[in-house]
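Everything below concerns the one structure shown next.
The values are calculated or read from the model by the stated rules, or taken from the named source; none is laboratory data. These numbers were taken from a predicted model, which means no experiment stands behind them. Using ideal geometry, Cβ is built from the backbone for each residue, glycine included, and neighbour counts are taken over all protein chains shown.
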Amino acid sequence: MIKLFVSDMDGTLLYNEADPHGRGITLENREAVLKLHDSGVRFMMASGRDHFYRLHLEEEFGFQVDAIGMNGCNVVIDDEVLCDHGLTLQDTIDVLEALKEAPVEVNFLGINSDGEHVFQYVDREPYERFYQLHLSGVFKHMSKLPLSEWVKDTTHRPFNKLVGLVKSIESRDILLRFFEERLGDRFDVIYSGPENIELMPKNISKGQALLELMELKGYKPTEVACIGDSMNDITMLQATPFSFAMRHSDDIVKESSHYVVKTVAEAIEMVLKYNRGEASGL
């Protein structure tokens, strides 16, 4: 029986095929999550967003939502922060130094578990777009200092991750290779969307966070289902035999999952049928 359902946010729960650039929860997905909750299955978000986004989901659904935030840097269960992995200030300084030789133009954003968002941008367009899609009404504090100045104050809380914002998939892939070659021994370099890359603490991921949570709470892999759409979801999708990739995902993501679905609602319906004994396997 599935006892825990873990969902990515952007491109997954917040995806609408009729409006791919929208960020709202469709009525179909909302009703499915409520149905899942009413059946006794625990719902959890797993996102590149910080864990504070769970508060918006709680308003949306009317029940407490647990969270794997910032791609596994932090885990919040019953409003208790169980872990908080991060980078050092020196890590950020070294990334900014490497940026001087970046082959494409890139804006950078640092995020920490206090909800602080600090930008270093050369072009406001990607920054404004990212703000509108991901941060508006979500972040707790937007620093007026650029990253290069912010890191000089050692009293600041270090970032959990750094996000690079570009204007195209081609630029994203170039930047991905650049940082893998330059700093791949110190950071995990991933992407969570068509126009961004993320530099994470080494060996920290949604999948690792989920495995630690499963051990802590006593969940078996066969009692957990998860769904995602991007590179930062792969480790999570590999952690359980009941994993779903969104139909619009890259092939590498689909190949890492066991099932491919159009919507979160479709995945939830399959889970509920399995729990009712209407299918021997999903």
- request: Assess whether Leu175 counts as being touching a Ser or Thr at 6+ places or on another chain (Cβ under 7 Å) and modelled with pLDDT of 80 or more.
  value: no
Those residues of the stretch 1-25 which are at pLDDT 95 or above and among the polar types (S, T, N, Q) amount to Ser7, Thr12
Filtering the stretch 251-265 down to residues that are in a helix (DSSP H, G or I) and either in contact (Cβ under 8 Å) with a residue 40 or more places away in the chain or of a type in the set (Val, Ile, Thr) (or both) yields Ile252, Val253, Val264, Ala265
### Message
So for the stretch 114-125 (the condition being touching a Phe, Trp or Tyr at 6+ places or on another chain (Cβ under 6 Å), surrounded by 15 or more Cβ atoms within 10 Å (Cβ to Cβ) and at pLDDT 85 or above), does at least one residue qualify?
### Response
no
Screening Asn232, Asn203 for residues that are of a type outside the set (Ser, Thr, Tyr), at pLDDT below 95 and either in contact with a Phe, Trp or Tyr (Cβ under 7 Å, 6 or more places away or on another chain) or not in a loop (DSSP other than H, G, I, E, B) (or both) leaves only Asn232
Those residues of the stretch 48-87 which are closer than 14 Å to Gly115 by Cα, small (Gly, Ala, Ser) and touching a helix residue (DSSP H, G or I) at 6+ places or on another chain (Cβ under 6 Å) amount to Gly48, Gly69
Checking Lys167, Lys161 in turn, the sole residue that is on the phi < 0 side of the Ramachandran plot and either at pLDDT 95 or above or buried (at least 23 other Cβ atoms within 10 Å of the Cβ) (or both) turns out to be Lys161
Within the stretch 218-229, of all residues that are outside any helix (DSSP H, G or I) and touching a strand residue (DSSP E or B) at 6+ places or on another chain (Cβ under 8 Å), the one farthest from Gln208 (Cα to Cα) is Asp229
Only one of Glu31, Glu58 is exposed (fewer than 15 other Cβ atoms within 10 Å of the Cβ), among the acidic types (Asp, Glu) and closer than 29 Å to Lys161 by Cβ, namely Glu58
Of the residues in the stretch 61-92, those that are among the hydrophobic types (A, V, I, L, M, F, W, C), surrounded by 14 or more Cβ atoms within 10 Å (Cβ to Cβ) and at pLDDT 90 or above come to Phe61, Val65, Ala67, Ile68, Met70, Cys73, Val75, Val76, Ile77, Leu87
